[in-house]
């Protein structure tokens with residue numbers, strides 16, 4: 001059962017190791033590593049925040065003062081809704097894998113049907 | 001860099017929505033003819049990896065953070081149109097299931113963070129690698145440059161959307177481009193590492209395999 005027993009060509013053609021390793025890496029990254037993600041705003045959110053209080057000496061005070069203004073409301077909204085990181089990672093990885101593979105599988109099916117006509 | 005709802009005006013949302021849908025249509029038609037069975041699970045795995053990697057935001061100087069986009073990575077690994085479809089799947093799942101990126105901004109996000117880096121990145125990569133000597137260094141070096149450039153240009157396009165097509169001031173340009181010149185380095189490092197790993201283990205699965213350097217027969221050959 002060792003890997004060396006398999007012929008090289010057959011081993012190279014199999015996609016299972018790639019799928020298993022790829023999904024494994026994705027799960028480790030999305031479920032575990034994502035817990036250590038930085039929570040500071042991204043560049044776009046920074047632009048929103050800066051655009052409101054660009055000239056203020058104390059940006060934090062200025063932001064508190066302008067709280068409720070439409071453009072400021074956008075900044076926290078831009079923070080994604082991954083409240084339960086591990087669960088979000090699991091669901092997201094599964095959903096993107098299924099939707100991605102499913103989409104191209106359907107594409108493949110439509111091509112076969114077209115050819116058989 | 002995901003644009004939320006409200007950061008682009010309605011006409012911009014409509015124009016980018018229609019353009020994005022058209023591009024997805026083109027990508028579906030193009031990939032339908034180029035697709036082989038082996039790519040079906042690869043598309044799913046790449047989408048899953050990019051989704052996961054986009055959750056890991058890393059801090060940048062100045063109280064800002066960023067994450068991998070993966071557009072250039074998807075293009076180099078799967079080809080321009082499948083690569084763009086992978087990114088589209090990621091942004092659709094993020095917008096619908098996690099409110100990451102606005103639904104009205106989905107077209108803008110798909111164009112800016114999907115089609116620009118995957119399609120543009122792929123053709124830029126092909127042109128540059130094709131003109132260089134067939135070495136591992138040239139292949140991976142071009143991968144890094146493509147990844148960096150894809151982020152900076154995506155940031156520039158995002159700024160166009162939110163400034164010209166949205167309510168933000170022109171100061172968005174230097175902030176977006178400036179920050180992403182730094183962010184692009186992270187993108188280049190991750191993209192190059194993943195491409196190097198796939199290149200070493202499964203080069204047969206790469207859409208750019210015709211550009212790969214010949215397999216070395218001995219280690220430590222002098223660089224040219």
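Filter the helices (runs of 4 or more DSSP H) completely within the stretch B:116-217 down to those with at least 2 residues that are touching a residue at least 12 places away in the same chain (Cβ under 8 Å) and more than 18 Å from the chain's Cα centre (by Cα).
B:136-159, B:172-201
Count, please, the residues in the stretch B:54-72 that happen to be in a loop (DSSP other than H, G, I, E, B) and either without any contact (Cβ under 8 Å) to a residue 12 or more places away in the chain or surrounded by fewer than 24 Cβ atoms within 10 Å (Cβ to Cβ) (or both).
6
What about residue A:83, is it within 7 Å of another protein chain (Cβ to nearest Cβ), at pLDDT below 90 and outside any helix (DSSP H, G or I)?
no
Residue B:75 - would you say it is in contact with a helix residue (DSSP H, G or I) (Cβ under 9 Å, 6 or more places away or on another chain), over 30 Å from residue A:49 (Cα atoms), buried (at least 22 other Cβ atoms within 10 Å of the Cβ) and touching a residue at least 40 places away in the same chain (Cβ under 8 Å)?
Values: in contact with a helix residue (DSSP H, G or I) (Cβ under 9 Å, 6 or more places away or on another chain): yes; over 30 Å from residue A:49 (Cα atoms): yes; buried (at least 22 other Cβ atoms within 10 Å of the Cβ): yes; touching a residue at least 40 places away in the same chain (Cβ under 8 Å): yes.
Yes, satisfied.
Is it true that residue A:74 is more than 24 Å from the chain's Cα centre (by Cα) and at pLDDT below 80?
no
So, in the stretch B:22-58, exactly how many residues are more than 21 Å from residue A:108 (Cβ to Cβ) and over 18 Å from the mean Cα position of the chain (by Cα)?
The qualifying residues number 1.
When you go through B:40, B:50 one by one, which is the residue that is surrounded by fewer than 22 Cβ atoms within 10 Å (Cβ to Cβ) and either in contact with a helix residue (DSSP H, G or I) (Cβ under 6 Å, 6 or more places away or on another chain) or closer than 23 Å to residue A:44 by Cα (or both)?
B:40
Would you check which residues across the stretch B:55-72 are in contact with a helix residue (DSSP H, G or I) (Cβ under 9 Å, 6 or more places away or on another chain) and within 9 Å of another protein chain (Cβ to nearest Cβ) and list them?
B:55, B:56, B:57, B:58, B:60, B:62, B:63, B:64, B:65, B:66, B:67, listed by residue number.
Which of the residues spanning the stretch B:162-204 are out of contact with any strand residue (DSSP E or B) (no Cβ under 7 Å at 6 or more places or on another chain), at the interface with chain A (Cβ under 9 Å from one of its Cβ atoms) and crowded, with 24+ Cβ neighbours inside 10 Å?
B:162, B:168, B:172, B:176, B:180
Go through the stretch B:1-34 residue by residue and tally those that are surrounded by fewer than 21 Cβ atoms within 10 Å (Cβ to Cβ), at pLDDT below 90 and not in a helix (DSSP H, G or I).
2
Confirm whether residue A:41 is in contact with a strand residue (DSSP E or B) (Cβ under 8 Å, 6 or more places away or on another chain) and either within 10 Å of chain B (Cβ to nearest Cβ) or at pLDDT below 65 (or both).
Criteria met by residue A:41.
The values are calculated or read from the model by the stated rules, or taken from the named source; none is laboratory data. Not measured: the values here are computed from a predicted model. Cβ: placed from backbone, ideal geometry, glycine included. Neighbour counts: every protein chain shown.
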